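Engineer: Please see the structure below; I have some questions.
The values are calculated or read from the model by the stated rules, or taken from the named source; none is laboratory data. From a predicted model like this one, the values you see are computed outputs, not experimental measurements. Heads up, the Cβs are rebuilt from the backbone with ideal geometry, glycines too, and the neighbour counts pull from every protein chain shown. Surface areas here come from the heavy atoms of the whole protein model, side chains and all, with no ligands, DNA or RNA. Shrake-Rupley method; radii C 1.70, N 1.55, O 1.52, S 1.80 Å.
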Amino acid sequence: MTVSNALFNEAEVIKDTNSALEDVQETLALALADSLKAGDHITTPTVIGMLKDLEDMQLQYYDRLEDNENVQGGLENQAQAEQEE
């Protein structure tokens, strides 16, 4: 089914995006640790804000992935019901 394929592709994009966001978070967390070690507290709130924004983005993507999986499950149930008729 075309819709099912589109949902599968979207799920893969979401997973890839979340993986990339995790990499960015790790880099920012390391930058924050370096900043704190160096005593540079000017950039600390900025980095913390960026980490929070990334976390919010990930949560939105997880919600989107869950919605995607629910739609896929519904389509599979519908297809199975049609086959049983």
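Engineer: What angle do you read, to the nearest 10 degrees and between 0 and 90, between the alpha-carbon axis of helix 2-37 and the longest principal axis of the chain?
Structural biologist: For helix 2-37, the angle is close to 10 degrees.
Engineer: Could you work out the per residue convex hull volume over the alpha carbons of the chain, in cubic angstrom? List each step's numbers first, then the result.
Structural biologist: Details: hull volume 5.4 nm³, N = 85.
It comes to 64 Å³ per residue, whole-number rounded.
Engineer: Mind checking the dipole of the chain: about its Cα centre, +1 per Lys or Arg Cβ, -1 per Asp or Glu Cβ, Debye to the nearest 20? Show your work: numbers first, answer last.
Structural biologist: Working: 4 positive and 19 negative charges, 107 e Å.
Using Cβ point charges on Lys, Arg, Asp and Glu, the chain gives about 520 debye.
Engineer: Between helix 44-84 and the chain, what is the angle of the helix's C-alpha long axis to the longest principal axis, kept within 0 to 90° and rounded to the nearest 10?
Structural biologist: Long axis of 44-84 versus the principal axis of the chain: about 10 degrees.
Engineer: Then there is this: Ignoring ligands, DNA and RNA, what percent of the accessible area of region 26-68 is carbon or sulfur (1.4 Å)?
Structural biologist: Values: 1870 of 3060 Å².
On region 26-68, the fraction of accessible area on carbon and sulfur atoms equals 61 percent.
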